[in-house]
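Here's the structure we're looking at; comments come further down.
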Amino acid sequence: MVSKGILIGGAAAGVITITISILLSIYISGFNSAQAKDENVARLAADIDSSSSAGTT
């Protein structure tokens, strides 16, 4: 029979692994979202720059 210490240690390791996986997925999702927003802002800024300078030439 497996001792209680091994079962408790395995359960604790499982909980820690699941927690780290969830936190990592949240971080990656937030990073991708922020990167997409930055790309949208850069694209809008480029559109504004090109449209405002088009009339000045």
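The values are calculated or read from the model by the stated rules, or taken from the named source; none is laboratory data. The shown structure was predicted, so the numbers you read here are calculated from the model rather than taken from an experiment. For neighbour counting, all protein chains shown are included, and Cβ atoms are generated from backbone atoms with ideal geometry for every residue, glycine included. The accessibility values were calculated without ligands, DNA or RNA, using every heavy atom of the protein model including side chains. Shrake-Rupley method; radii C 1.70, N 1.55, O 1.52, S 1.80 Å.
Structure data summary
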| read-out | value |
| --- | --- |
| Surface per residue (accessible, 1.4 Å probe) for the chain, Å² | 86 |
| Phi to ³J(HN,Hα) by Karplus 6.51 cos²θ - 1.76 cosθ + 1.60 over the range 11-18, Hz, x for Gly, Pro | 5, 5, 5, x, 5, 5, 4, 5 |
| Residue 48-residue 21 pseudo-label distance in nm [points 7 Å out on the Cα-to-Cβ vector] | 4.3 |
| Mean residue ellipticity (222 nm) of the chain, computed from DSSP H runs ≥ 4 via -39,500 (n - 2.57), nearest 500 | -33500 deg cm²/dmol |
